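Here is the structure we will look at, set down as structure tokens.
The values are calculated or read from the model by the stated rules, or taken from the named source; none is laboratory data. In this text, all values refer to a predicted model and were calculated from it rather than measured experimentally. Because the Cβ atoms are built from the backbone with ideal geometry, glycine has one as well, and the counts that use them run over all protein chains shown.
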Amino acid sequence: MNLLSVKGLSVRYGPIIAVRHLDLDVDVGEIVCLVGPNGAGKSSSTLAIAGALLPSAGTIHLDGKDIARQPAERLAMAGVSLVPEGRRIFGRMTVQDNLIAACLPGRRPFDDPEIFSLFPILRERMGQFAGLLSGGEQQQLAIARAMLRKPRLMIVDEPSLGLSPRFVDIVFGALRQLRNQGVSLLVVEQSARRALGLADRIYLMRSGEVVMTGRSGSLAQDPEFEAAYFGKEAAR
Ligand code: ATP
């Protein structure tokens, strides 16, 4: 069943066209990855879908309702949560206060047991300043903050950026668990190998456009995908 449907989405920064006519769908309980090299338009696409950037063209529907050009707060109430690139947690606040600040009326309380069952380390760190956490712990906190809003669609921008393989496993494991609980995920990932290991489906972007899309299982076997991604960027 379709949850998110994006059609003809374009994003411009003045004269620069960052995203051109993006068509993208996310089904209920599916992990979809946007992959592609630096500057491909992945973040601009997800920021526009999450209401943090105004698209210059296109439609965005969640469960059949038009959500394009709505402010991020209203989208959060509608069930869309963004975990931005760079995590954007409050470093000078404690972990607990970061969680409290993310709560919305009628959604999860800041100390919801599901948060700590997914990320046990956060319970241990509740009184610490968030800025003192490791990058992997900060990423867990950022995802926990998004979980508090009980999203139907979680948009996660580069969750693996700068993390050690151990933390990538923890974070990706948590994203899979969320998917298994029925949350749909749209994840930006620069590494095609990691995306193939995480996603149910993949959209490969280059220069603002989708150049290839398909199920991870098929793309992993498809030499064209290798050529499109692993060709020039093989060293990644
Ligand atoms: P990365 O992996 O480096 O974050 P990306 O695939 O997420 O790349 P975007 O950040 O969406 O790509 O950038 C797409 C294009 O838009 C690039 O050419 C980039 O230089 C440009 N761009 C992004 N943000 C801005 C901005 N605030 N002002 C002007 N141009 C921008």
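A quick yes/no check of all residues on (1) farther than 17 Å from LEU141 by Cβ; (2) among the basic types (Lys, Arg); (3) free of Cβ contacts under 8 Å to residues at least 40 places away in the same chain; (4) in a loop (DSSP other than H, G, I, E, B):
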residue	(1), (2), (3), (4)
THR46	yes, no, no, no
PRO55	yes, no, no, yes
ILE60	yes, no, no, no
ARG74	yes, yes, yes, no
LEU82	no, no, no, no
GLU85	no, no, no, yes
PHE90	no, no, no, yes
ARG123	no, yes, yes, no
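The numbered conditions (1) within 16 Å of the ligand (Cβ to nearest atom); (2) part of a strand (DSSP E or B); (3) surrounded by fewer than 16 Cβ atoms within 10 Å (Cβ to Cβ) are all true for ASP23 except (1).
Of all residues in region 92-116, those being touching a helix residue (DSSP H, G or I) at 6+ places or on another chain (Cβ under 7 Å) and exposed (fewer than 13 other Cβ atoms within 10 Å of the Cβ) number 1. LEU148 meets all of the listed conditions (1) buried (at least 16 other Cβ atoms within 10 Å of the Cβ); (2) modelled with pLDDT under 90 but one, namely (2). What number of residues within region 178-228 satisfy the criterion of being within 15 Å of the chain's Cα centre (by Cα), within 16 Å of the ligand (Cβ to nearest atom) and not hydrophobic (A, V, I, L, M, F, W, C)? Residues that pass the stated criteria total 5. LEU9 - would you say it is among the aliphatic types (A, V, I, L, M), outside any loop (DSSP other than H, G, I, E, B) and in contact (Cβ under 8 Å) with a residue 12 or more places away in the chain? Spelling it out, LEU9 is indeed among the aliphatic types (A, V, I, L, M), outside any loop (DSSP other than H, G, I, E, B) and in contact (Cβ under 8 Å) with a residue 12 or more places away in the chain. Restricting ALA199, ALA234, ALA142, ALA192 to those that are modelled with pLDDT under 90, at negative phi and out of contact with any Phe, Trp or Tyr (no Cβ under 9 Å at 6 or more places or on another chain) reduces the list to ALA234.
Within the span defined as region 38-56, every residue fails to be more than 16 Å from the ligand (Cβ to nearest atom) and modelled with pLDDT of 95 or more. Residues of region 56-69 that are buried (at least 18 other Cβ atoms within 10 Å of the Cβ) and either within 18 Å of the chain's Cα centre (by Cα) or more than 18 Å from MET205 (Cβ to Cβ) (or both): ILE60, LEU62, ILE67, ALA68.
Select from region 157-177 the residues that are under 15 Å from the mean Cα position of the chain (by Cα), more than 13 Å from the ligand (Cβ to nearest atom) and free of Cβ contacts under 8 Å to residues at least 60 places away in the same chain and list them in ascending order. Hits for region 157-177 are VAL168, VAL171, PHE172, GLY173, ALA174, GLN177.
Set side by side, the residues ALA72, ALA76 differ, and just one is of a type in the set (A, V, I, L, M), under 20 Å from the mean Cα position of the chain (by Cα), more than 16 Å from the ligand (Cβ to nearest atom) and surrounded by fewer than 18 Cβ atoms within 10 Å (Cβ to Cβ), which is ALA72.
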